[in-house]
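All remarks here apply to the structure that follows.
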Amino acid sequence: MERSNTRRTALAAAATLALAGSLLAHSAGPAGAATETRALGPTVACGGLAGLNDPNTATGVTTAAQGASSSAGTAQIRTGLAGGTRYGWARAAGGSSSYDLYFEIDINGDRAADCATFISISSGLYWTSGTQTSASSSVAFRACIIARSAPDCGGTGVASRTPWW
């Protein structure tokens, strides 16, 4: 019995340390990001394109497209390499608490979202999970910061929107 309790305690301590390490790793953010960051939202694998759960693992991160700055923040499309594959994701700089950050993916070239993910934001720097880029001109990404009552990046209530990239 004593041995079993010791093992459970050791496993619980290891799990706590692993969680703390994971949380500390998230605070660094993607390359070139500010120190206050939050990564949320489900991973989107769309039309056979792979998803990237954590853009913090990407290297060579750059801003591919950026929307207009507003009091609700600035929407960006960021790209980087993870495991030899290039991914794109949405980032909001200086977000406002009544807004969401949307990441839309078009896979058939009509420049309408076929897949999307979003996160709720407040002040700070936020990003979504990523989706694999493609050499096909049919595949494009768009990001926007949008009022929570708005349905997508194409309608009203958009505070900042990138062009399709």
- Message: Residue by residue through region 60-68, what is 3J(HN,Hα) from phi via Karplus (6.51 cos²θ - 1.76 cosθ + 1.60, θ = phi - 60°)? Round to whole Hz and write x for glycine and proline.
- Response: x, 6, 9, 8, 8, 8, 9, x, 5
- Item | Calculated from backbone phi, Karplus (6.51, -1.76, 1.60) coupling profile of region 130-143 in Hz, x at Gly/Pro | x, 10, 4, 7, 9, 6, 5, 5, 6, 9, 8, 10, 9, 10
- Karplus-derived 3J(HN,Hα) from phi for region 46-54 (6.51 cos²θ - 1.76 cosθ + 1.60, θ = phi - 60°), whole Hz, x at Gly and Pro, runs 10, x, x, 7, 6, x, 10, 5, 10
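Rounded to a whole number, what is D in µm²/s for region 63-148 from Stokes-Einstein with the Kirkwood radius over alpha-carbon pairs (20 °C, 1.002 mPa s)?
166
A short reminder: the numbers here are calculations on the coordinates, not readings from a lab. These numbers were taken from a predicted model, which means no experiment stands behind them.
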